[in-house]
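**Q** One structure, pasted below without further comment.
The values are calculated or read from the model by the stated rules, or taken from the named source; none is laboratory data. As the structure is a prediction and not an experimental result, all values here were calculated from the model. No Cβ is skipped: glycine too gets one built from the backbone with ideal geometry, and neighbour counts run over all protein chains shown. Note: areas computed on protein heavy atoms with side chains; ligands, DNA, RNA excluded. Shrake-Rupley method; radii C 1.70, N 1.55, O 1.52, S 1.80 Å.
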Amino acid sequence: KIIFYFLVVMSINNSYTQNFGFRIGMTTATFTGNYDSYDFDFIKSFSPGYKAGLVGNFELSNIIILKPEISYVSYSIKQTINDENTVYNLEQSHNVVGLDLNFDVKLPGHWSVVFGMGLQYLLFKNNKLYINNFAQDLDQSINDSVDQNTDPFANINICYTIRNRILIDLEYRHLLDNWGVADFTNENELVNSDNRSVKLHMINLSLAILF
């Protein structure tokens with residue numbers, strides 16, 4: 001999948017106008033699911049993270065721009081779980097590398113709408129479990145297969161362009177694979193990469209500068 005992605009980008013005709021730049025921004029992530037014992041709250045589980053990467057800008061026509069991107073993203077999810085007389089507060093942090101292939105469609109003025117897809121690969125994760133306000137740290141190595149650690153996603157965002165060089169994006173990203181819940185009392189883990197019925201949603205606010 002990754003090789004195919006780069007072949008598509010490299011096959012772009014050199015006659016198109018090209019720019020490259022870097023992107024930095026803030027990201028948030030939250031899960032939704034239908035497990036009664038895991039009360040996933042879309043708003044309360046927001047936790048800020050960050051993203052940084054490189055972006056390309058290939059003008060295919062007067063209104064369509066191809067925007068490939070590679071980025072490093074760090075995000076966390078938080079959850080409070082009440083289990084009889086014990087209160088569990090779990091923060092699970094993920095660090096991933098992502099590959100995007102997006103299309104920018106220009107709108108009147110400085111605005112445009114961007115849509116696309118991509119893959120993100122889980123590099124490592126850290127879990128912090130608070131049991132009745134006492135913290136326990138657990139660093140977990142990634143032993144799953146490449147397929148389990150790789151998640152396809154779709155995204156859509158609104159972009160505001162300043163002087164054709166500065167891009168401000170507000171993006172919604174939806175991971176397409178279903179995740180599963182884990183036994184937090186034994187494994188200190190809220191979600192894992194098993195295909196079940198938990199969905200990951202992300203909102204990214206970023207600034208890109210083209211050269």
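**Q** Can you give the extra length, in nm with one decimal, that the chain gains between Lys199 and Asn178 once fully stretched, where that is 0.36 nm per residue apart less the Cα-Cα distance? Intermediate results must be reported in sequence, preceding the final value.
**A** Numbers: separation 21, 0.36 × 21 = 7.56 nm, distance 0.55 nm.
7.0 nm is the gain from fully extending Lys199 to Asn178.
**Q** Filter the cross-link list Lys67/Lys106; Lys67/Lys199; Lys78/Lys128; Lys51/Lys106; Lys78/Lys125 down to pairs whose alpha-carbon distance in this structure exceeds 19 Å.
**A** Beyond 19 Å: Lys67/Lys199; Lys51/Lys106.
**Q** Just to confirm my numbers, what's the Cα centroid distance between the stretch 156-177 and the stretch 70-121 in Å?
**A** Cα centroid to Cα centroid, the span is 13 Å.
**Q** Just how much of Met117 is accessible, in Å², when a 1.4 Å probe is used and the result is rounded to the nearest 10?
**A** Roll a 1.4 Å probe over it and Met117 shows about 130 Å².
**Q** Please find the FRET efficiency linking Asn85 to Phe22, where r is the Cβ-Cβ separation and R0 is fixed at 45 Å, and quote it to the nearest 0.05.
**A** 0.35
**Q** What accessible area, in Å² to the nearest ten, does a 1.4 Å probe give for Phe211?
**A** Counting only protein heavy atoms, Phe211 exposes about 140 Å² to solvent.
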